[in-house]
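S.K.: Pasting a structure below so you can have a look.
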Amino acid sequence: MGKTILISGGIRSGKTKFALNYCKNINNSLNSYYIATSPRLDKEMEKRIKRHRAERKLYYKNLLTIEEEIDLKNVISSHIPANFLVDSITLWINNLMYHFPDIQYKEIKKQLKELIQHCNKNSGYNIFIVDEVGFSLVAENPLARKFQDWLGWTSQYIAENSHEVYICYAGIPINIKKIE
C-alpha cells in the first residue's frame, strides 16, 4: 500500500528541499516523478524554473519531471504505480482560478477527491507540497480571500487523507501527523 504525505510551510521554508530528500530516501523500485505545476509567466519565473530544475538534479538525479499546471489526476492515474512529488498544490489552485475564472470550489473539491482516489490506488508515495497561508493576514480583496479559503480547505482535505503531514519552518520539517 502506498502513502500520501502533505508538506506545508511558508514561502522559502524548506518544503521542496525536505520533499526531495524524503523522495530520494524512498526504498522501492518504482519510478519517481516530480510534477511541476508552475506556470511560465515571465522572464523571472523562467529563471526560477531553471534554478529549480538544477536544484532537483542536485538532490535526486533519477527524478523524472512532468510539467502540468491543471490535470494532476490524469498525470498521476496514467503513471501508477509510481512515486509522485507534486510541487505545488498552491500553484495548482492558482492555475485553476486563473484559467477558469468562473470555477466554483465544489468543482475543485471534485477534482481533489478524484485525485486522492487515484493516490489511494497507487502503491507508491504521493507527496504534495502546499504553501501555508493560514499564518498571514486576511487578504484585502475578494479574489485573494477566495484563494486563501480554497487553499486552506484543500490543504485540510489532503491532510485529512494523508498518512503523514509535515510543516516546515526555517528549514526545519516538523511532523504533525503520522499514521503507521
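Here, each number is a calculation from the coordinates, and none is a lab measurement. As the structure is a computational prediction, the values presented were derived from the model and not from experiment. Virtual Cβ from ideal backbone geometry, glycine too; neighbours counted across all protein chains shown.
S.K.: Let a ≥ b ≥ c be the square roots of the eigenvalues of the Cα gyration tensor of the chain; is it rounded (a/c under 1.5), or, if not, prolate (a/b larger than b/c) or oblate?
M.R.: It comes out rounded by the Cα gyration axes.
S.K.: Order of 91-97, 28-34 by packing, highest average Cβ count within 10 Å first?
M.R.: Top of the packing list down: 91-97, 28-34.
S.K.: Given the rule -39500 (n - 2.57) for each run of at least 4 DSSP H residues, summed and divided by the residues of the chain, what is its mean residue ellipticity at 222 nm, to the nearest 500 deg cm²/dmol?
M.R.: Calculated from helices alone, the mean residue ellipticity at 222 nm is -14500 deg cm²/dmol.
S.K.: 7 Å from Cα along Cα→Cβ at both residue 123 and residue 99: what's the point-to-point distance in nm?
M.R.: Inter-label distance under the simple model: 3.1 nm.
S.K.: Rounded, prolate or oblate: which fits region 87-180, taking a ≥ b ≥ c as square roots of the Cα gyration tensor eigenvalues, rounded meaning a/c under 1.5, else prolate when a/b beats b/c?
M.R.: The shape class here is oblate.
S.K.: Further question: Give me a comma-separated list of calculated 3J(HN,Hα) values for region 10-25, in order, Karplus coefficients 6.51, -1.76, 1.60 applied at θ = phi - 60°, integers in Hz, x for any Gly or Pro.
M.R.: Taking θ as phi minus 60°, the curve returns x, 5, 6, 8, x, 4, 5, 4, 4, 4, 5, 5, 4, 4, 4, 8 Hz for region 10-25.
S.K.: Shape call for region 54-142 from the C-alpha gyration tensor, a ≥ b ≥ c root eigenvalues: rounded (a/c under 1.5), prolate (a/b greater than b/c) or oblate?
M.R.: oblate
S.K.: Something else about it: Mind telling me which of 103, 158, 89 comes out most flexible in a GNM of the chain, alpha-carbon contacts under 10 Å?
M.R.: 103
S.K.: Cα centroids of region 44-58 and region 105-180: how far apart, whole angstrom?
M.R.: Going from one Cα centre to the other spans 23 Å.
S.K.: Ok, one more. List the residues, sorted by chain then number, that are 5 or more residues from residue 83 or on another chain and whose placed amide H is less than 5 Å from its amide H.
M.R.: 31, 32, 33, 125
S.K.: With θ set to phi - 60° and the Karplus curve 6.51 cos²θ - 1.76 cosθ + 1.60, what are the ³J(HN,Hα) couplings of region 33-50 in order, to the nearest whole Hz, using x for Gly and Pro?
M.R.: Working through the residues one at a time gives 10, 9, 9, 8, 9, 6, x, 8, 8, 6, 5, 5, 5, 4, 5, 4, 4, 4 Hz.
S.K.: Okay, next question. Under 5 Å between amide H atoms, partner at least 5 residues away or on a different chain: which partners does residue 128 have, H built in plane at 1.01 Å?
M.R.: 5, 6, 7, 86
S.K.: Follow-up. How large is ³J(HN,Hα) for each residue in region 141-153, as worked out from phi by the Karplus curve 6.51 cos²θ - 1.76 cosθ + 1.60 (θ = phi - 60°), to whole Hz, x for Gly and Pro?
M.R.: For region 141-153, the Karplus curve yields 10, x, 5, 5, 5, 4, 4, 4, 4, 5, 5, x, 5 Hz.
S.K.: Give me the extension gain from residue 64 to residue 141: residue separation times 0.36 nm, minus the current Cα-Cα distance, reported in nm with one decimal.
M.R.: Extra length available between residue 64 and residue 141 comes to 23.9 nm.
S.K.: How charged is the neighbourhood of residue 74? Take every other residue with its Cβ under 13 Å from the Cβ of residue 74, and add Lys/Arg as +1 and Asp/Glu as -1.
M.R.: -3
S.K.: If you add up the charges near residue 131, with Lys and Arg at +1 and Asp and Glu at -1, over every other residue whose beta carbon is less than 15 angstrom from its beta carbon, what do you get?
M.R.: Overall, the nearby charge balance is +1.
S.K.: Okay, moving on. Mind checking the dipole of the chain: about its Cα centre, +1 per Lys or Arg Cβ, -1 per Asp or Glu Cβ, Debye to the nearest 20? Present the calculation step by step, with values, prior to reporting the outcome.
M.R.: Working: 25 positive and 19 negative charges, 111 e Å.
Computed charge dipole of the chain: roughly 540 debye.
S.K.: Also, I was wondering about something else. Under a point spin-label approximation (7 Å from Cα along Cα-to-Cβ), what is the residue 174-residue 24 distance to one decimal in nm?
M.R.: 2.5 nm
S.K.: Then there's this: In nm, what is the difference between 0.36 nm times the number of residues separating residue 47 and residue 17 and their Cα-Cα distance?
M.R.: Here the answer is 9.0 nm.
S.K.: Now for a separate question. When ranked by the protection proxy of mean other Cβ atoms within 10 Å per residue, highest first, what sequence do the peptides 63-76, 41-54, 129-142 form?
M.R.: Descending mean neighbour count gives 63-76, 129-142, 41-54.
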